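Written below as structure tokens is the structure these notes are about.
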Amino acid sequence: MKVPGKLLRAVALTALPVCLFTLQPDWANAESPSKMPDTVTANGYHRKWWKEAVVYQIYPRSFQDSNGDGIGDLKGITSRLDYIQRLGVNVIWLSPHYDSPNADNGYDIRDYRKVMAEFGTMEDFDALLKGIKQRHMKLILDLVVNHSSDEHRWFVESRKAKDNPFRDYYIWKPAKDGKEPGAPGSEPNNWTSFFSGSAWKLDPATGEYYLHLFAEKQPDLNWENPKLRAEVYDLMKFWLDKGVDGFRMDVIPFISKNQSFPDLTPAQLEHPEFTYAMGPRLHEYLQEMNRNVLSKYDVMTVGEAFGVTLDQTPSLIDERRNELNLVFNFSAVRLDQDHGTWRQWTLPELKAIYAQQDQKLDVHSWNSIFLSNHDNPRPVSSFGDDSAAFRVPSAKLIATMLFTLKGTPFVYQGDELGMTNYPFKAIEDFNDIAVINAWKAKVVTGKVSKDEFLENIRRTSRDNARTPMQWDASSNAGFTTGAKPWLAVNPNYKDVNAAQETADAHSVYNYYRRMIEVRRGAPALIYGDFKDLDPAHASVFAYTRTLGAASYLVVLNFSGTPIEYVLPAGVKAGHLAIGNLERNAKDSGDSGSTLHLAPWEARVYRQ
Ligand code: NOJ
């Protein structure tokens, strides 16, 4: 048969990138990004190493203690690098490791060029980075530059006098309308802090207020000041020159403030983050940062897009704008919360979030996929079912979704073991400043009852994610040899721990490994077009991912009941590539278009 030349050329053009993938299934593990061919996928995406990576987040305080002081440290992380590498991840995101008085566990930085004493020394950091590189992984650091600690040298100077050279490194304002500083209602405006109360704190030394959108010990930096911006760019270079591969940027959309500092309306005060974010000079600052620093390195950046709407998102990550690579959008991870209060979420809502993200982000923007981090409860407790019967399959189902949606997946430490929320009983069980301050503001003042507060906070608290990593069944789960870890270990560690799970072929850990492997070898699961087949179904999430000729069908039963699921017209299940119940299609009595899904069953078919 004679094939017309025009048709041959068209096939070659669309199929070429796909062929490359087939020939090089392990491209995501390329040692150096420069080895990555500069290609465009069949559906128009520019290939980038950070789009193909799987990121693993480490909260150093809770990962592994090496010296028995009850606090995780850098040497501890280095000792666990083989475990992380075996999982198959490519990038580690390290939550802040810098010198800090720990008002907010490291998100209040005293010295951006020094390692926190509890975590070790700069030699320990260098050894960690070396160990990561030796294992062909990359490291991104947390960049916390919306605010510093009040113990940072800049702030110590700044607060001394109005004419101090560092005064303008922070945001200082006099009392409102000439009122007496400290008098009720004399704060410069009505902005509130995310950690309760006013966002302004009076400093008696000069009688002015400074802005702190988070804790009092986290004064906001003044990005209007070019000297401050130059200092930030310098400290970024300091770490990049050591060889780190990028940054996760803490609340980066807040760095530019509306300089008229207007009072918020009652409606705006319901969700102040949407007013604090996307200030007038944000794009200018990010482009300057990109020009002066990021463009000179081959790095990955991911901004914490708290307060950013989906409509605004492309303006931060469209690759033609040279600002950020990715952002974290909070719609999915906070679906079970409303104003910080737990709510019952529904699957169609979750599906709609992913569908909307897919629609709004075109080929020039790339998504991040995550259902947890150090600020959120455990995904198996919030989005799965952490009961004894369903913890394992539902944790695996969540993994199936994470690794088959379009975007770079982020795994938070311990989720690969199916670690669960902690059974908090009393306020004394918590460490988080957000909880302690909210308790003072709500319970101590009598606005909310103790029981109501605890009932909610045990489901929503960030401390759920911060309990120590469960390594084995020895005391304190092998996290520390000390008598007491800084935060209690979850009592389920004897059943849920890494030693047991790495040895068990059917564990959550080994399912994560296999899923990551399947994703790595399947370009369609990374770049493929996404289509939700059944947006309204209350319990089943069924979607396809298609790239050129390759297509995958993902079917997830998000419920504790068996379901006979008839695939939408025209769709038939193909070859089962992976499933969380590790059985083949015949075992479930399935025909091509009717699937008998067990509770929390997840399947990925190659079509
Ligand atoms: C977001 C961080 O993820 C969170 O842990 C921290 O408390 C705030 N930003 C303030 O830095």
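Points worth noting:
- Helix axis angle, 226-240 relative to the chain longest principal axis, alpha carbon, degrees: 40 degrees
- Distance between the modelled labels on ALA499 and ARG281, one decimal in nanometres: 5.5 nm (7 Å Cα→Cβ projection).
- The packing ranking of peptides 222-232, 260-270, highest mean first, is 222-232, 260-270, where packing means the average number of other beta carbon atoms within 10 angstrom of each residue.
- Leading residue at positive end of dipole, the stretch 454-512 (Cβ point charges), from GLY482, THR502, LEU454: LEU454
- Positive-end extreme of charge dipole, the stretch 199-238 - chosen from PRO226, ALA199, PHE214 (charges on Cβ): PRO226
- Among the listed pairs LYS237/LYS360; LYS51/LYS237; LYS201/LYS296; LYS162/LYS242, a Cα-Cα separation exceeding 28 Å is found for LYS237/LYS360; LYS201/LYS296; LYS162/LYS242.
- Our coupling estimate for the stretch 304-318, obtained by passing each phi through the Karplus curve with A = 6.51, B = -1.76, C = 1.60 and θ = phi - 60°, is 7, 8, 5, x, 9, 7, 4, 4, 7, 4, x, 5, 9, 10, 4 Hz, Gly and Pro reported as x.
- Percent of beta bridges antiparallel (DSSP, the chain, rounded to nearest 5): 65 percent
- Net charge dipole size for the chain [Lys, Arg +1 and Asp, Glu -1 on Cβ; Debye, nearest 20]: 1540 debye
- From phi via Karplus (6.51, -1.76, 1.60), per-residue ³J(HN,Hα) for the stretch 346-360 in Hz, x at Gly/Pro: 10, 5, x, 5, 5, 5, 5, 4, 5, 5, 5, 4, 5, 5, 6
- Entry note, the chain: the mean residue ellipticity at 222 nm calculated from DSSP H runs of n ≥ 4, each adding -39500 (n - 2.57), is -7500 deg cm²/dmol after division by the residues and rounding to the nearest 500.
- The stretch 522-571: relative contact order in percent, alpha carbon pairs under 8 Å with at least 6 residues between: 30 percent
- Put a dot 7 Å past the Cα of LYS440, heading toward its Cβ, do the same for MET122, and the two dots end up 3.6 nm apart.
- Relative packing of 514-525, 112-123, which averages over residues the other C-beta atoms within 10 Å, highest first: 514-525, 112-123
- Residue among ASN492, PRO535, ALA550 farthest towards the positive dipole end of the chain, charges placed on Cβ: ALA550
- With only the Cα atoms considered, the stretch 185-288 has a convex hull volume of 132 Å³ per residue.
- For the chain: relative contact order, % (alpha-carbon pairs under 8 angstrom, 6 or more apart): 13 percent
- Peptides 569-575, 249-255, 327-333, ordered by how many other C-beta atoms sit within 10 Å of their residues on average, highest first, read 249-255, 327-333, 569-575.
- Spacing of the two label points (7 Å from each Cα toward its C-beta) at ARG153 and THR561, in nm: 6.5 nm
- Charge tally in the Cβ shell below 11 Å around ASN557, where Lys, Arg are +1 and Asp, Glu are -1, ASN557 excluded: -1
Every read-out reported here was derived from the displayed coordinates using simple, explicitly stated rules and does not represent laboratory data. Quick caveat, the model's predicted, so the values are computed rather than measured. In this analysis, Cβ positions are derived from the backbone assuming ideal geometry, glycine residues included, and neighbour counts consider all displayed protein chains.
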